[in-house]
1. Quick one: pull the percent of accessible area on the chain belonging to carbon and sulfur, 1.4 Å probe, ligands and nucleic acids left out.
2. Per DSSP H run of n ≥ 4, the term is -39500 (n - 2.57); total these for the chain, divide by its residue number, and report the mean residue ellipticity at 222 nm rounded to 500 deg cm²/dmol.
3. Please list HIS180, HIS66 in order of solvent-accessible area, largest first, computed with a 1.4 Å probe with all protein chains present.
4. What residue among THR32, THR210, THR108 has the largest mean-square fluctuation in a Gaussian network model of the chain, using Cα springs under 10 Å?
5. If I take every Cα pair under 8 Å that is 6 or more residues apart in segment 39-154, average their sequence separation and divide by the length, what percent do I get for the relative contact order?
6. Please return the longest range in the chain lying between exposed loop sites, taking GluC sites (Glu not before Pro), DSSP loop only, at most 14 other beta-carbon atoms within 10 Å, and leaving the sites out.
7. Output the relative contact order of the chain, whole-number percent, from Cα pairs under 8 angstrom with separation of 6+ residues.
8. Expressed in nm to one decimal, what extension gain is obtained for the pair GLU4 and ASP80 from 0.36 nm per residue of sequence separation less their Cα-Cα distance?
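The values are calculated or read from the model by the stated rules, or taken from the named source; none is laboratory data. From a predicted model like this one, the values you see are computed outputs, not experimental measurements. Positions of Cβ are generated from backbone atoms using ideal geometry, with glycine treated the same way; all protein chains shown enter the neighbour counts. Each accessible area value is taken on the protein alone, full model and side chains, heavy atoms only, with ligands, DNA and RNA left out. Shrake-Rupley method; radii C 1.70, N 1.55, O 1.52, S 1.80 Å.
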Amino acid sequence: MLGEGFGARVVDAFLTVLSEHPRFRNLPVVVTLGGQAPAYDLPNLEIISGEPGRIAANALPLIRQHAFEVQLSRTLRSIDAGGLLDPLTGLLTAAAFNRDFASAVHQTLGRGGGMSVARFAFDPAHPRAQLDGARLLSRLMRQMDFGAAQEDGSVIVAFAETDFRTVHVIARRLCSVMRHTAHGKRDARAEPVVTLATLKPSDTAQSLLTRLYDEAQRAAS
């Protein structure tokens with residue numbers, strides 16, 4: 001939503017960039033500046049002026065449409081993956097994660113590579129925080145990484161070919177995105193507590209996860 005504070009040339013440049021990128025072209029965009037705008041290849045562009053209530057009333061259908069589109073996209077990916085992806089989050093189901101995690105640990109130990117795992121723990125009293133965090137993680141992770149939402153309100157992500165220093169940087173950046181993408185007033189209770197663990201030569205999949213949860217308990221205490 002573009003309102004006051006942007007000049008016409010800045011708005012034009014921004015809308016032009018959006019229209020030229022297939023990733024952003026179908027996003028709902030609302031411009032509240034007065035005057036006529038040139039034609040852009042943005043099917044969900046609305047130019048609205050007036051009171052905030054009128055602007056919101058016109059923008060909400062576009063926002064709901066986009067949310068429904070994303071939900072359908074996750075459902076189709078889950079179907080294509082044979083039900084291995086959770087349509088609510090876009091991450092693996094817990095069963096699929098456990099299977100892939102055990103296989104990834106075995107293969108990493110066999111070839112001598114690196115692997116790290118991160119646990120993003122959300123307040124169980126705020127289940128929406130876990131859902132929003134899981135959806136963001138599913139969109140921001142690298143193709144080689146995978147994760148799943150857990151019943152305890154956390155999200156576990158496995159990072160392939162990643163040492164402890166690198167996973168620390170990645171996790172910090174992911175948390176920063178989640179913090180700045182949260183809706184409404186910032187609530188520290190909705191922000192995740194992150195613990196990290198790196199695969200050791202003596203590890204198994206179970207021992208690595210156990211060490212990850214032990215780190216979380218120490219951090220909580």
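1. 56 percent
2. Result for the chain, helices only: -16500 deg cm²/dmol.
3. HIS180, HIS66
4. THR32
5. Once divided by the residue count of segment 39-154, the mean separation gives 23 percent.
6. 5-150
7. 16 percent
8. 23.0 nm
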